[in-house]
2 protein chains.
Amino acid sequence: MARLSRKESHALTRERLISTASALFLADGYNVTSLERVATEAGFSKGAVYSNFATKHELGLAVLDRVRLERAVSLAEAVADAGDAEARIEAFAAWAEDNIGDVGWTTLEVEFATSTRHLPEVRPRLADRRREITQIVASLIDQQSEELGLALPMPSEDAAVQLLSLGIGLGVQRAFDPELPVRSLVDLLRSMLDRARAVSR
Amino acid sequence: MARLSRKESHALTRERLISTASALFLADGYNVTSLERVATEAGFSKGAVYSNFATKHELGLAVLDRVRLERAVSLAEAVADAGDAEARIEAFAAWAEDNIGDVGWTTLEVEFATSTRHLPEVRPRLADRRREITQIVASLIDQQSEELGLALPMPSEDAAVQLLSLGIGLGVQRAFDPELPVRSLVDLLRSMLDRARAVSR
DNA sequence: GTCTATAAATCGATAGAC
DNA sequence: GTCTATCGATTTATAGAC
């Protein structure tokens, strides 16, 4: 076992901080979680946090980048394998139930956005990330409709905005009212597909 | 001019506090606005706030109740007068541009919900209000489709959930990225109406 | 690079005078 | 019912030791 270089060690504590911050932010929320708590739970002191992240929202952005990537990969995997359109919708429905139902993600994203939207150094980066994830979802839609031989009734980017926005809205409401079903999201996708079939004939 | 009774005076300062709190919460956000600031701007001291509202989130709920009612009325009025279906969609589009575009409302609603969702005395009331506003929107949809002689492709409550969720999601994203157009919301409504026509024939 | 100790500032909420 | 004064608790961020 080789000794860790300074860079490797630095990267490792950074990783560990992001990991435990993810868990805490998702479980308890961004505002309510102090950096003290993050540091302690990760096995460090607050000083270590500040030697890795200039501010709390810098850590917040890093956490969200990681969580967002995880969920995007998870979604892509969920719908990739399935067979025909109906099977893929079922796969999406199951994913939505676990992930839009996993209220923490959307809620964290939204709590962070609404709490930091006034900070001039954060705002443009939120916008960048929004466009990024919209493009990712649009690409996924393009890929899926190509595989299924369908032409959507609208540009894939518009479909992505619709699905993402609906998902965000649902996630927020489910954060305080878990009774609300994710069905609407699946319904929207299904209605898109129905209209796509008609077009492609 | 009669002297104000104790009750009237109390109601008046309560009104004034809600008014200025609305303005401040909408402009700057809920968390960032201190009760000190609300009190001063309304021409009172912090003690007056606490003699009218037990806690800050109690004031927050009162503010949201007022804002929500205002917007619901404004929406109902906007679509009430118009003529055929297309004219009503245009009216809705204009309303959405000004109100979903008026980022403050959605953002405040969402910031408050994500920030207070853990408080046991707030959470159930958020859920109550969600169901309430969903019912209001559903009623509006019922009324509209009856006037237009249309049968929607889904229960009006499902349509309400879809439109509300999409509106919330859009509003949140527009809070930090105003470039995002409200078009998707209008598109969704239009697609509902298109399918409604087909059903009613 | 990390830790300890502390600064600095804020804010929600309360107590008591009027 | 409102005002003044203050408590009490918290948190981000920094300074200096190791």
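Bear in mind these aren't lab numbers, they're just calculated from the coordinates by the rules spelled out. Owing to the predicted nature of the structure, the values given are computational and were not obtained by experimental measurement. Positions of Cβ are generated from backbone atoms using ideal geometry, with glycine treated the same way; all protein chains shown enter the neighbour counts.
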(message) Please compute, for the alpha-carbon atoms of the protein assembly as shown, the extent along each of the three principal axes and give them in descending order in Å.
(response) 89, 64, 33
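Excluding A:ALA54 itself, what net charge comes from residues whose Cβ is under 15 Å from its Cβ, given Lys and Arg +1 and Asp and Glu -1? The partial results should precede the final answer.
Numbers: positive: A:ARG14, A:LYS46, A:LYS56, A:ARG125; negative: A:GLU58, A:GLU121.
Taking every Cβ under 15 Å from that of A:ALA54, the sum is +2.
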(message) Just to verify a number: FRET efficiency for B:GLU132 and B:ASP81, C-beta to C-beta distance, R0 = 25 Å, to 0.05?
(response) 0.50
(message) Loop only by DSSP, 12 or fewer other Cβ within 10 Å of the Cβ. Give me the GluC sites (Glu not before Pro) in region A:102-200 that pass, ordered by residue number.
(response) A:GLU121, A:GLU179
(message) Residue by residue through B:183-191, how many Cβ atoms from other chains fall within 10 Å of the Cβ on average?
(response) 4
(request) Provide the per-residue ³J(HN,Hα) series for region A:62-67, in order, calculated from phi with Karplus coefficients 6.51, -1.76, 1.60 and θ = phi - 60°, each as a whole number of Hz, with x at glycine and proline positions. (result) 5, 4, 5, 4, 5, 4
(request) For region A:102-190, run through the trypsin sites (Lys or Arg not before Pro) and keep only the ones in DSSP coil with at most 11 other Cβ atoms within 10 Å of their Cβ. (result) none
(message) Need the list of lysines near B:LYS56 for cross-linking: C-alpha distance under 25 angstrom, and skip anything on the same chain fewer than eight residues off.
(response) A:LYS56, B:LYS7, B:LYS46
(message) What's the magnitude of the charge dipole for chain A around its Cα centre, counting Lys and Arg as +1 and Asp and Glu as -1 at the beta-carbon? Answer in Debye, nearest 20.
(response) 860
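What average number of partner chain Cβ atoms lie no more than 10 Å from the Cβ of the residues making up B:127-134?
3
Pick out, in residue order, every one of the chymotrypsin sites (Phe, Trp or Tyr not before Pro) in region B:5-58 that is DSSP loop and has at most 16 other C-beta atoms within 10 Å; say none if there are none.
Working: sites: B:PHE25, B:TYR30, B:PHE44, B:TYR50, B:PHE53; in loops: B:TYR30, B:PHE44, B:PHE53.
Filter output for region B:5-58: empty list.
Mind checking B:157-166 for the average number of partner chain beta-carbons within 10 Å of each residue's beta-carbon? Could the numbers behind the result be given before it?
Values: counts 0, 4, 2, 1, 10, 10, 3, 5, 15, 12.
Per-residue shielding by partner chains comes out at 6.
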(request) For region B:148-199 and region B:79-102, write down the distance between their C-alpha centroids in whole Å. (result) 12
(request) Determine, from the Cβ-Cβ distance of B:ARG197 and B:GLU36 and an R0 of 51 Å, the FRET efficiency 1/(1 + (r/R0)^6), rounded to the nearest 0.05. (result) 0.40
(message) Can you compute the helix-only [θ] at 222 nm over chain A? Use -39500 (n - 2.57) per DSSP H run of at least 4 residues, normalise by all residues, nearest 500 deg cm²/dmol.
(response) -26000 deg cm²/dmol
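Can you give the Kirkwood hydrodynamic radius of region A:57-201 from its Cα pairs, in Å with one decimal? Could the numbers behind the result be given before it?
Values: mean 1/r = 0.0626 Å⁻¹.
Mean inverse Cα-Cα distance, inverted, gives 16.0 Å.
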